[in-house]
Structures are given as C-alpha cells and as structure tokens.
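Below is one structure, written out as structure tokens; the observations come after it.
The values are calculated or read from the model by the stated rules, or taken from the named source; none is laboratory data. What you are looking at is a predicted structure, and each value in this text was computed from that prediction instead of being measured. Don't worry about glycine lacking a Cβ; one is built from the backbone with ideal geometry, like all the others, and counts go over all protein chains shown. Keep in mind that these areas ignore ligands, DNA and RNA; they rest on the heavy atoms of the full protein, side chains included. Shrake-Rupley method; radii C 1.70, N 1.55, O 1.52, S 1.80 Å.
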Amino acid sequence: MGNLMNWSALRLPRPLESAGSAEKIRKALADSTILLWQEGNLRVPLLHMSEPLAEALQRARLQRRIRFGFEDIAGRLAAEKKGIDALRQKMTSQEQNRVSRLLLFSGDGAQRLYRHIGQILIEHRRRLLGCRLDTDSKTLGKLLGAGSVGIKVILVEHKDAVSDVLRALVDGRE
C-alpha cells in the first residue's frame, strides 16, 4: 500500500493480464492516490465514481459478489486467509500473489474506520486491493439498492467481478 505498494508490480486477476488492460489499470490506480487517513502513511487509489464503475458494481451486486458490513468482511477475509495459508504450506511451488478481492469504501467514514481498513489491507495485502471511492455512504447505499441506508465498506469477492470493476476504471479512456 502507499509506500508499501509498488503499483507497477501489482498482479491483477489473470483475465486482465491476458487481455492486455492490466498496464492501463495499474497506471489509473497509481495516478490518483490518497492517504487512507490523515495521520496514517498508507496511500490508496481514489476512484472516481464513473458510469462504467457504477454499472460494474451494480452487476457484481446482482451476481451476489459483493459483501457488506465491516465485521462480516473482516471475518470472511480471515477465514479465507486460514485456508490459503494451509494450502500454501502443502504446495511446493510459490504461486505469486495476485489481487482477487477489492475492498472499496466511501469517503465519509470516521478515522477509526479507516485505521481498521488499514489493518485489514496490510494483513491481506497479498490478495486484497483497497480503494477509496469519491462518493459518500448514502450514494453508495443507493447505488447498491440499500435505499437510504448508507454503506461505507464493501468487498468485491469474485475474480470476474474484481476484473469487471477494475476494467471499468479505464473504460472509455484511451
């Protein structure tokens, strides 16, 4: 992340690498970063809520590939990490880490929330990319069909949905 994150070495889902859009996406992520919280030192990409991005998030929601709620997300990532760590011990070849999950969050959270997000991003940095959206929780909630309920943090879970969301960052930008 930020000073820990080398954007040019970021390994994206295979479909993006093979389609040749990975380089553009890495550049888009690196071009606009922001401190996760004011006193922190983690930098995360700041994503503009464009039409293609909104559509990709709505598609992921319809496919049930979005998880809501910070506690639920943290629990899910921890459980998956246990399984992955166990699998890694059995495997002899070291498959390089690749982004397979996106943690997206609104810009109107409390400092405490962003510190917790920072901990999760560091703990799961091998496969989790965190990005701040340039929108508030009410707008994000409305976009994802939660009515007037604000949604501050979402996890995009499946590699196809992750690819779709990341591809939306460069859609229409040539």
Which of the helices in the chain, when you take each full DSSP H run, stretch at least 15 Å along the axis at their Cα atoms and have an average Kyte-Doolittle score of -1.0 or higher? 51-62, 70-90, 111-123
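Based solely on its DSSP helices, what 222 nm [θ] is calculated for the chain when runs of n ≥ 4 H residues each add -39,500 (n - 2.57) and the sum is averaged over all residues, nearest 500 deg cm²/dmol?
Numbers: 7 runs with 79 residues, N = 174.
Calculated from helices alone, the mean residue ellipticity at 222 nm is -14000 deg cm²/dmol.
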Low-density loop GluC sites (Glu not before Pro), the range 60-146, at most 12 other Cβ within 10 Å, DSSP non-H/G/I/E/B, are Glu95
Subtracting the Cα-Cα distance of Glu80 and Asn6 from 0.36 nm times their residue separation yields 24.2 nm
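For the range 73-174, what % of the accessible area comes from carbon and sulfur atoms, probe 1.4 Å? Mind dumping the intermediate values first?
Details: 2600 of 5220 Å².
Carbon-and-sulfur percentage of accessible area, whole number: 50.
In Å², what does the accessible area per residue of the chain work out to with a 1.4 Å probe?
Numbers: 9330 Å² over 174 residues.
Each residue of the chain exposes 54 Å² on average to a 1.4 Å probe.
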Most mobile of Ser50, Ser137, Ser106 per a Gaussian network model of the chain (Cα springs, under 10 Å)? Ser50
For the range 1-81, what does the relative contact order come out to in percent, with C-alpha contacts under 8 Å and a separation of six or more? 24 percent
Cα-based Rg then Dmax for the chain, in Å, read 15.4, 49
Can you give the % of DSSP beta bridges in the range 1-150 that are antiparallel, to the nearest 5? 30 percent
Using only alpha carbon pairs under 8 Å that are at least six residues apart, calculate the relative contact order of the range 65-174 and give it in whole percent. 37 percent
Glu123 and Glu71 label points (each 7 Å along its Cα→Cβ direction) are spaced in nm at 1.5 nm
Estimated distance in nm for a label pair at Met49 and Leu35, the labels positioned 7 Å out from Cα along Cα-to-Cβ: 2.4 nm
